[in-house]
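Okay, structure first, notes after.
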Amino acid sequence: MESFCTYFQSKNGKMHYYDNKLNKKILLFIHGLSACKEVFYQQIELLKNEYRIIAVDLLGHGASENALNAEEAYSNLGFTDSIVELLSYLKAQNIIIYGWSLGGAIAIDLLERFPETKKIILDGYPPVSFKTKNFENAYLYHETTHLIAQRVLSEVEAFAYVKNGGINANENHTSDRVDKIVKAVLRANGSLKEIWFNSLLKLVGISPKECVERNRDKVTILIGENDPGINMNYMKDHFKDITEFYPNAGHAVFWERPYEIRKYL
């Protein structure tokens, strides 16, 4: 991956991103909270000849800089702003977005705010409503929920956070690959988690549920039925027609079912 990576100077700091620069339809990968673009290493390897692949480290994550203006940058809208800057700089057109967890929320914002977004795929993200404040219906509390907004994590906590996030060693991924994601979680700017969580509680920006309902033909949702943080009944009640449910998968379908995701894409 490294030979295709470079930096982009956004208004809030340098963003590190991967771009194989093929003259093909763009597939943009957006990672989850505290993770990094390398979490998609297998998708990049499997699909690198079929798409122009762009994968970005959000500000405060991975190899990107910590934000110059944290209060502005570390929110769903702030993360979206920085990606809009990057896509505009690249003159990106005809884009499919694959957003995992937090990346799913950003993908929804981009669907409304960046006209060249043609399709979004949400992995491990239930579209909630800022209008009806239905978070408790969509999400389930689990053993690492409290770590989401915790400023500093121990290595043990970071490993538990990654494990519950669906990133585990298995027949497709070595423990070294998991360790890299654990290191990314430990690297993530501590203040960003607090700031992001507080911004979320203010319910500012595009309401995900209503946006998805307006754009059903452009949205597909992938949900692992063993995801510890998502209420399956909520997804079936509201989004069954646009959701693919994966048995024996958790919060990161792309990680646990990489070859099925390749066939899907």
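Every read-out reported here was derived from the displayed coordinates using simple, explicitly stated rules and does not represent laboratory data. Because the structure is predicted, anything quoted here is derived from the model rather than measured. Note: ideal-geometry Cβ built from the backbone for every residue, glycine included; neighbour counts use all protein chains shown.
Just a few scattered comments:
- Looking at region 166-265, the GluC sites (Glu not before Pro) that sit in a DSSP loop and have at most 10 other Cβ atoms within 10 Å of their own Cβ are 171.
- Charge tally in the Cβ shell below 12 Å around residue 258, where Lys, Arg are +1 and Asp, Glu are -1, residue 258 excluded: -1
- Environment charge of residue 16, counting only residues whose C-beta is closer than 9 Å and scoring Lys/Arg +1, Asp/Glu -1: 0
- Note on region 2-264: antiparallel DSSP beta bridges, both residues inside, total approximately 30 percent of the bridges counted.
- Three-way shape call for region 1-128 based on the alpha-carbon gyration tensor, with the a/c threshold at 1.5: rounded
- Taking a point 7 Å from the Cα of residue 244 along the Cα-to-Cβ direction, the residues of region 8-38 with backbone N closer than 19 Å to it are 25-32.
- Trypsin sites (Lys or Arg not before Pro) restricted to DSSP loop in region 195-264 with at most 11 other C-beta within 10 Å: 202
- Spatial separation of Cα centroids for region 140-163 and region 66-122, in angstrom: 25
- Maximal additional length on extending the residue 149-residue 25 stretch stands at 41.1 nm, based on 0.36 nm per residue less the C-alpha distance.
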